Amino acid sequence: MAETNASTRKRIAVIPGDGIGKEVVPEAVKVLRAAAAVGRRDLAITEFDWSADRYLRDGTTLPPDAVEMFRRDYDAILLGALGDPRVPSNVQGADILLGLRFKLDLYANVRPCVLFDERLTPLKARTEKDINIWVIRENTEGLYSAMGGFFKKGTPDEIATQEDINTRKGVERIIRYAFELARRQGRHRVCMSDKSNALTYGHDLWQRVFKELRAEYHEIESSHMYIDNLLMQMVRDPSQFDVIVTCNLFGDIASDLGAGLIGGLGLTPSGNIHPGRVSLFEPVHGSAPDIAGKNAANPIGAVLAAGMMCEHIGWNAEARLIESAVRAAIREGKTTRDLGGTLGTREAGDWLASKIAAGSS
Ligand SMILES: NC(=O)c1ccc[n+]([C@@H]2O[C@H](COP(=O)([O-])OP(=O)(O)OC[C@H]3O[C@@H](n4cnc5c(N)ncnc54)[C@H](O)[C@@H]3O)[C@@H](O)[C@H]2O)c1
């Protein structure tokens, strides 16, 4: 057996979750193990069964000591998806995923939308040069803060409120993250998107902070677009975008639109990141109950999320291996049906893992 280097040992927590999460995560782990073997890395994986099944069995969602444990004992977390029709309140999803995002303070949700093959876009005559957009979504504030309430619930006079939280600290750190990412990756443009013409308090703050920070990054072209226009422009001419930074809700929507431009939700990864701290990586898609249990889900989003995780933990060569295996699979049609291939989830994962292993021999 190959000797491993203990100084590179990384401890990864894996939460498959619900629905297709339980199918795509094992494939991502398979591919991750193959890449780690090529790089002779020491990888320690621990799986956690937090999910709708577990919640329905014993009421567990996110155990009280989980956050401390992840901070203390792990380098990163790989998650599948949460959501199950048997739990209409989605309490396990909110507690586990939003709980980890908020409690670990994973403020940057990074969602690359890169067109790996021009056959995958519904747009005409577009290549990777045109569609290579990194959506940076604020991940700990906004309308997802679960602040609000009901008044006269269930009556004709019912009132429901949902608070939109925007803090100076939160807005500043996510806009700065976007500029720093652009600088690090040699990207030239950052577009901030808000709805400050209608949300005249919260998004006025975004406007003021953006104007202040853009002055610090002279070499990067910075622009602003209202979210409604931005979504239309992403479809009309995606080549005008490079890095987009926006609030929690708008980033959630813009990144799904971005996924639609590059071949669908099966392909897109994301990182929930706090630089320098334990962070969480997951495919952008949900638990897809419509295809769960059929060996039909595309594992690429989860596999690329594992690739982003490799980069976060400093395994850059392994991240590149994973991305090039994915590019090869798409090029050679070794994919699931959503991308026009004939493989099942497991077979697609097997192909990627053996591609990586074969590349090393
Ligand atoms: N991060 C998360 O855990 C997350 C994100 C979004 C939705 N959800 C939850 O997932 C459940 C289903 O939500 P939804 O249907 O709106 O979104 P979804 O992303 O699960 O599915 C949307 C559509 O995309 C397809 N799709 C998704 N992933 C795919 C893949 N890997 N391969 C092939 N096709 C794929 C599905 O079949 C479905 O038609 C809900 O409970 C929702 O709350 C969870």
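The values are calculated or read from the model by the stated rules, or taken from the named source; none is laboratory data. No experiment lies behind these values; they were computed from the predicted model shown. Methodologically, a virtual Cβ is constructed for each residue, glycine included, from the backbone with ideal geometry; neighbour enumeration extends over all protein chains shown. Calculation scope for accessible area: heavy atoms of the full protein, side chains included, ligands and nucleic acids excluded. Shrake-Rupley method; radii C 1.70, N 1.55, O 1.52, S 1.80 Å.
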Of the residues in the stretch 64-96 that are without any contact (Cβ under 8 Å) to a residue 24 or more places away in the chain and in a helix (DSSP H, G or I), the one that is farthest from the ligand (Cβ to nearest atom) is R72
A careful count of residues in the stretch 54-63 that are more than 22 Å from the chain's Cα centre (by Cα) and part of a loop (DSSP other than H, G, I, E, B) gives 3
Selected residue [part of a strand (DSSP E or B) and open to solvent by less than 30 Å² (accessible area, probe 1.4 Å)] from R111, R101 | R111
Residue selected from the stretch 296-315 under the condition in a loop (DSSP other than H, G, I, E, B) and away from the ligand (no atom under 11 Å from the Cβ), by the criterion least open to solvent (accessible area, probe 1.4 Å) = W315
Of everything in the stretch 337-346 that's surrounded by fewer than 17 Cβ atoms within 10 Å (Cβ to Cβ) and outside any loop (DSSP other than H, G, I, E, B), which residue is nearest to the ligand (Cβ to nearest atom)?
-> R337
On the given criteria, is H285 more than 11 Å from the ligand (Cβ to nearest atom) and touching a strand residue (DSSP E or B) at 6+ places or on another chain (Cβ under 9 Å)?
-> no
Within the stretch 14-26, track down each residue that is in a helix (DSSP H, G or I) and open to solvent by less than 10 Å² (accessible area, probe 1.4 Å).
-> G21, V24, V25
Kindly list the number of the only condition in (1) surrounded by 24 or more Cβ atoms within 10 Å (Cβ to Cβ); (2) modelled with pLDDT of 95 or more; (3) of a type outside the set (K, R) that fails for E332.
-> (1)
Condition broken by Q92, with the remaining ones in (1) at pLDDT below 95; (2) closer than 30 Å to L143 by Cβ; (3) polar (S, T, N, Q); (4) open to solvent by 10 Å² or more (accessible area, probe 1.4 Å) satisfied = (4)
Number of positions in the stretch 166-216 that are hydroxyl-bearing (S, T, Y) and under 15 Å from T246 (Cβ atoms) | 3
In the stretch 9-25, which residue that is at pLDDT 95 or above and away from the ligand (no atom under 13 Å from the Cβ) is nearest to A288 (Cα to Cα)?
-> V14
How many residues, within the stretch 320-329, are in contact (Cβ under 8 Å) with a residue 40 or more places away in the chain and open to solvent by less than 10 Å² (accessible area, probe 1.4 Å)?
-> 3
